[in-house]
Every structure is written in C-alpha cells, then in structure tokens.
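Working notes, beginning with the structure itself.
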Amino acid sequence: MLCACRRLAAVCRRIDLSKLDAGALELRPEQVDLGELTRSVNGEFEPVLAQHDAHLELRLATRAIELVCDPVRVAQIMRILLDNALIHNPAGTRIVVTAIRDEARVRPTVRDNGAGIPEHALEIPG
C-alpha cells in the first residue's frame, strides 16, 4: 500500500511540474494559518512514521501564522518534503518540522538527518 501511494504521489508531482512548465498551474490563494496546515499534513503521516519508526517533532509558533497562499500547493510541498525525509533516511530517523514568522517572511522547514541536496543541484538555471 505504501509503495502504491508513493508511486501515485510521484505521478501527481510529474503532472504538476508539467503544468508548471506550461504555465498552466492554477493557484487559488486564500487566508491560511500555516500552523494548522502543518499540523494537518503531519497528522496524515502518523501511520507511515510509525511504520518507519521515525520520530516527528513539530516546532510551531505559539500564535497563528496567518498568510495568503494556496493551501493545496503548500500542503503538497510539505508532503513531498516529509516523504523525501522518510525515503532518504534509515528507520528510526528524527524529522523536525517548523513553521515560524521571521520579520516579514514565513518559513516552513523540514529537517532530517539525510545527506541533503548538493549545492549545485539547488541552482536555478538562468
């Protein structure tokens, strides 16, 4: 079941990337509490975390983190990051998810013990 879900998620990502490349990805911004959205997405991963013997720590601001965004796309990005943390780490790994407001920016992060993405792969072609 888990492998089938991951394959389906990979197909959805490819479709969305194709739409993004074609300029056809529709965003539907609305007022969102990032902390609530983060809690919701993390809750979806509880069974997978248990299977992987992974430990998830949420570090959220004490107050609501209100922002205007497309909650479907932001949740999708969080799911991809959490899924990657589980795929690229051994069983028993620790994953830390944060969502904070830093001056005028909002910063959601997912940290784990994986090797990470090489610096050259983060460069956006000009």
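Say we look at segment 101-116 and pick out the residues that are free of Cβ contacts under 8 Å to residues at least 40 places away in the same chain and surrounded by 10 or more Cβ atoms within 10 Å (Cβ to Cβ); which of these is farthest from residue 52 (Cα to Cα)?
So the first thing to find is which residues in segment 101-116 are free of Cβ contacts under 8 Å to residues at least 40 places away in the same chain, and the list is 102-105, 107, 109-116.
Next, only the ones that are surrounded by 10 or more Cβ atoms within 10 Å (Cβ to Cβ) stay: 107, 109-114, 116.
Details: 107: 26, 109: 20, 110: 17, 111: 16, 112: 14, 113: 14, 114: 14, 116: 19 Å.
If we take residues in segment 101-116 being free of Cβ contacts under 8 Å to residues at least 40 places away in the same chain and surrounded by 10 or more Cβ atoms within 10 Å (Cβ to Cβ), then 107 is farthest from residue 52 (Cα to Cα).
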Let me spell it out: the conditions are (1) part of a strand (DSSP E or B); (2) modelled with pLDDT of 90 or more; (3) within 16 Å of the chain's Cα centre (by Cα); (4) not aliphatic (A, V, I, L, M), and residue 36 meets all of them except one. Which number is the exception?
(1)
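Suppose we filter segment 55-76 for residues that are part of a helix (DSSP H, G or I), touching a residue at least 40 places away in the same chain (Cβ under 8 Å) and of a type outside the set (S, T, N, Q); how many remain?
Just the residues of segment 55-76 that are part of a helix (DSSP H, G or I), to begin with: 71-76.
Then keep just the ones that are touching a residue at least 40 places away in the same chain (Cβ under 8 Å); that gives 71-74, 76.
Next cut, of a type outside the set (S, T, N, Q) only: 71-74.
So the answer is 4.
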List the pairs whose first member sits in segment 40-54 and is closer than 13 Å to residue 89 by Cβ, whose second member is modelled with pLDDT of 90 or more and among the hydroxyl-bearing types (Ser, Thr, Tyr), and whose Cβ atoms are under 8 Å apart, counting only residues at least 6 apart or on separate chains?
52/93; 54/93
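The values are calculated or read from the model by the stated rules, or taken from the named source; none is laboratory data. Note that the coordinates shown come from a computational prediction; the quantities given were computed from them, not determined experimentally. For neighbour counting, all protein chains shown are included, and Cβ atoms are generated from backbone atoms with ideal geometry for every residue, glycine included.
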